[in-house]
Number of protein chains: 2
Amino acid sequence: MQVIDSIARFRKALDNERMHGRSVGLVPTMGALHEGHASLIDSAMRRCDVVAVTVFVNPLQFGAGEDLSRYPRPFESDLALASGQGASYVFAPSVDEMYPGGVRTTVHVDELADVMEAATRPGHFDGVATVVAKVFNAAGPTIAFFGEKDWQQLQVIRRMTVDLSFPVEVVACPTVRADDGLALSSRNAYLDGPERAAAAVLYRGLCAAAALASSGERQLARLRDTVASTVAAEPLVQLEYAEALRRHDEIRLLVAARVGPARLIDNLGVPL
Amino acid sequence: MQVIDSIARFRKALDNERMHGRSVGLVPTMGALHEGHASLIDSAMRRCDVVAVTVFVNPLQFGAGEDLSRYPRPFESDLALASGQGASYVFAPSVDEMYPGGVRTTVHVDELADVMEAATRPGHFDGVATVVAKVFNAAGPTIAFFGEKDWQQLQVIRRMTVDLSFPVEVVACPTVRADDGLALSSRNAYLDGPERAAAAVLYRGLCAAAALASSGERQLARLRDTVASTVAAEPLVQLEYAEALRRHDEIRLLVAARVGPARLIDNLGVPL
């Protein structure tokens, strides 16, 4: 596995793979890799000839007062996980390599742009769209793999990819969960024992609403309230929002909450 | 020469060229091709194995009350010119093909973002950056060719290309001028005889300031005033702005004016 910190060398290495007719799978991450990322890499290995994992804690998608400075950066164990999963490249650029002279170009996507994460974290998705556009250009992937855990992010990236005609297929991979249902997240590392136990209430709230939806409930406000009231019953968890959206052929249930020092999000889809 | 109106087929055709090891030169235009465009295609022919010309009057870069509806669209003669210059592809998509369901993703470039064209035409360069990003992704060019006549646009595109790590070399081609110095522009077609004669004052104003700069004048306000006063002496021409900028290793002189129904821009660089 090659570890590359320069955009030019990353592009060149993958151009060389393409020249040999090999398809490139891209797994963009902020590092602190866990089994969720492992499953993304695994999907990429099954679909593509070579897999590149990017590890970049993107300052552009963090707001003031968020956890940019304390975001976990266990680089050696990230390399071990990526290598163990069979990745051929890890692209780990510095902030200076990605944004020399600051950020003068931004990509804005008007997709769910005033609700949930977009409302709670102003500028967050501009930061996501911009870095993903840049990484798409740097890597030139055939397929890029993103976790369904960040569902709203996934919608933003899908929209950007179509709107700007990136020649990239975006594949969503299912959320990986702990035994008690908590969605795996690098931010779970912030939790102490009692907080970690309490955090599972997010998934329980989603499941309660999903059960209601599956039994025929179509009033989105009722589904939202079910998530909210379930989460509210757990004193260690402060709900930020609960949401239920009708999209295409499903109801999507979403939740965000603070648990101790962590801000966690999760979601679940119910097919219609 | 192939004429293609679908993004997918355009990408596929050029992917096929790349698979055969051929470099792709891209000349993005709004059609109404003239000798200025011919020189862009000519530069592309000299540097690249195959040349693609895009012909798309991009509504996104026109403001309310601008000339979108009357912008000239002489498609057959555009095809003849592109073909005569040796282009292999003309990509001429419809607005629906480029922006199905409207525009949800935009690219913003913070480069000279509050002066000259950016100040006079709000949103113009977002429209330019967005369509160029999209055409870059659709074509995947090795080199893209732009006219120096649209100097501020060129700076925006260069900045975007670097910032978003597009694997594209941006090449600027010198402005092509009529015998009296008027920069060739598709909008010159709007001018009647007296207006056409009067329009040459833009170039005379730039030349007067360039002569002053070449003789040692470094006060930008003096250079700007020289452009402005020269243009103001011509009653058929209404000055919009005159500007003199120090950039890197040159002084760049720029002007915009209304001449009858046309809004014209021009510029000239003086090496330091």
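None of the figures in this text is laboratory data; all of them are computed from the coordinates on show. It should be emphasised that the depicted structure is a prediction, and the values quoted were computed from it without experimental measurement. For neighbour counting, all protein chains shown are included, and Cβ atoms are generated from backbone atoms with ideal geometry for every residue, glycine included.
From the label point of B:Gly101, set 7 Å from Cα along Cα→Cβ, how far away are the matching label points in the other copies, in nm, ordered shortest to longest?
3.6
Using a cut-off of 17 Å between alpha-carbon atoms, which aspartates and glutamates can reach A:Lys12, once sequence neighbours fewer than 8 places away in the same chain are excluded?
Correct list for A:Lys12: A:Asp49, A:Glu97, B:Glu169.
Can you list residues whose amide H is under 5 Å from A:Val3's amide H, if they're 5+ apart or on another chain and H is modeled 1.01 Å from N?
Under 5 Å from the amide H of A:Val3: A:Val90.
If you put a point 7 Å past Cα along the Cβ direction, how far is that point for A:Pro59 from the same point in each other copy, in nm, smallest first?
4.0
Averaging over every viewing direction, what projected area does the convex hull of the Cα atoms of the stretch B:1-148 cover, in nm²?
Averaged projected hull area, Cα only: 9.0 nm².
In the Gaussian network model of chain B, springs joining C-alpha atoms below 10 Å, which of B:Ala113, B:Ala256, B:Ala139 carries the largest mean-square fluctuation?
It is B:Ala113.
Provide a whole-number value for the mean count of partner chain Cβ atoms within 10 Å of the Cβ atoms in peptide B:164-173.
4
Cα-based Rg of the stretch A:1-72 per 2.2 N^0.38 Å, rounded to two decimals?
1.28
Compute the Kirkwood hydrodynamic radius of the stretch B:78-129, taking the inverse of the mean of 1/r over all pairs of distinct Cα atoms, and give it in Å to one decimal.
Taking the inverse mean of 1/r over all distinct Cα pairs, the stretch B:78-129 comes out at 13.8 Å.
Report, by chain and number, residues whose modeled amide H sits under 5 Å from the one on B:Val176, excluding near sequence neighbours (fewer than 5 apart, same chain).
Placed amide hydrogens put B:Leu184 under 5 Å from B:Val176.
Put a point 7 Å out from Cα along the line to Cβ at B:Ser6; what are the distances to that point in the other copies, in nm, shortest first?
List, nearest first: 4.1 nm.
Any idea what Rg and Dmax come out to for the stretch A:50-116 if you just take the C-alpha atoms, in Å?
Radius of gyration, then largest Cα-Cα span, for the stretch A:50-116: 15.0, 40 Å.
Hey, can you grab everything whose amide H is under 5 Å from the amide H of A:Thr54? Only 5+ residues off in sequence or another chain; H modelled, so Pro and N-termini drop out.
The list, which skips near neighbours in sequence, is A:Val27, A:Thr29, A:Phe91.
Give me the net charge for the shell around B:Asp78: Cβ to Cβ below 14 angstrom, other residues only, Lys and Arg +1, Asp and Glu -1.
-2
Which residue in A is nearest the A/B rotation axis when you measure from the C-beta atom, and what is the distance in Å?
Of all Cβ atoms in A, the one closest to the rotation axis yields A:Val107, 3.
Calculate for chain B the 222 nm mean residue ellipticity that helices alone would give, adding -39,500 (n - 2.57) per DSSP H run of length 4 or more and normalising by residue count, nearest 500 deg cm²/dmol.
-12000 deg cm²/dmol
Shape verdict for the stretch A:4-43, please, from the Cα gyration tensor: rounded (a/c under 1.5), prolate (a/b greater than b/c) or oblate.
Taking the square roots of the gyration eigenvalues as a ≥ b ≥ c, the stretch A:4-43 is oblate.
Sum up the charges of everything whose Cβ sits under 10 Å from the Cβ of B:Val255, counting Lys and Arg as +1 and Asp and Glu as -1, but leave B:Val255 out.
For residues surrounding B:Val255, the net value is -2.
Past the 15 angstrom mark, what percentage of all C-alpha to C-alpha distances in the stretch A:101-182 do you count?
60
Let me know the Rg and Dmax you get for chain A when you use only its Cα atoms, in Å.
18.7, 57
Would you please state the base-10 log of I(q)/I(0) at q = 0.15, 0.19 1/Å for the stretch B:129-168, with intensities from the Debye formula using one equal scatterer on every alpha carbon?
With one equal scatterer per Cα and no solvent, log10 I(q)/I(0) is -0.31, -0.50.
Read phi for every residue in the stretch B:145-161 and hand back ³J(HN,Hα) as whole Hz from Karplus 6.51 cos²θ - 1.76 cosθ + 1.60, θ = phi - 60°, with x for Gly and Pro.
Running phi through 6.51 cos²θ - 1.76 cosθ + 1.60 with θ = phi - 60° gives 10, 10, x, 5, 4, 8, 5, 5, 4, 4, 5, 5, 5, 4, 4, 4, 4 Hz.
Using alpha carbons only, what's the Rg to Rh ratio of the stretch A:186-266 with Rh from Kirkwood?
Taking Rg over the Kirkwood Rh, I get 1.01.
For the protein assembly as shown, what is Rg from Cα atoms divided by 2.2 N^0.38 Å, rounded to two decimals?
Cα Rg divided by the expected 2.2 N^0.38 Å: 1.11.
Does anyone have the angle between helix B:201-214 and the longest principal axis of chain B? Alpha-carbon axes, 0 to 90°, nearest 10?
The angle comes out at about 70 degrees.
Gap in Å between the Cα centre of the stretch B:188-204 and the Cα centre of the stretch A:129-168?
Their Cα centres are 47 Å away from one another.
Give the lysines reachable from B:Lys149 as a straight Cα distance under 26 Å; neighbours fewer than 8 places away on the same chain don't count.
Counting by Cα, and skipping residues close in sequence, B:Lys149 has these lysines nearby: B:Lys134.
Among the trypsin sites (Lys or Arg not before Pro) within the stretch A:125-231, which fall in a DSSP loop and have no more than 13 other Cβ atoms within 10 Å of their own Cβ?
A:Arg218
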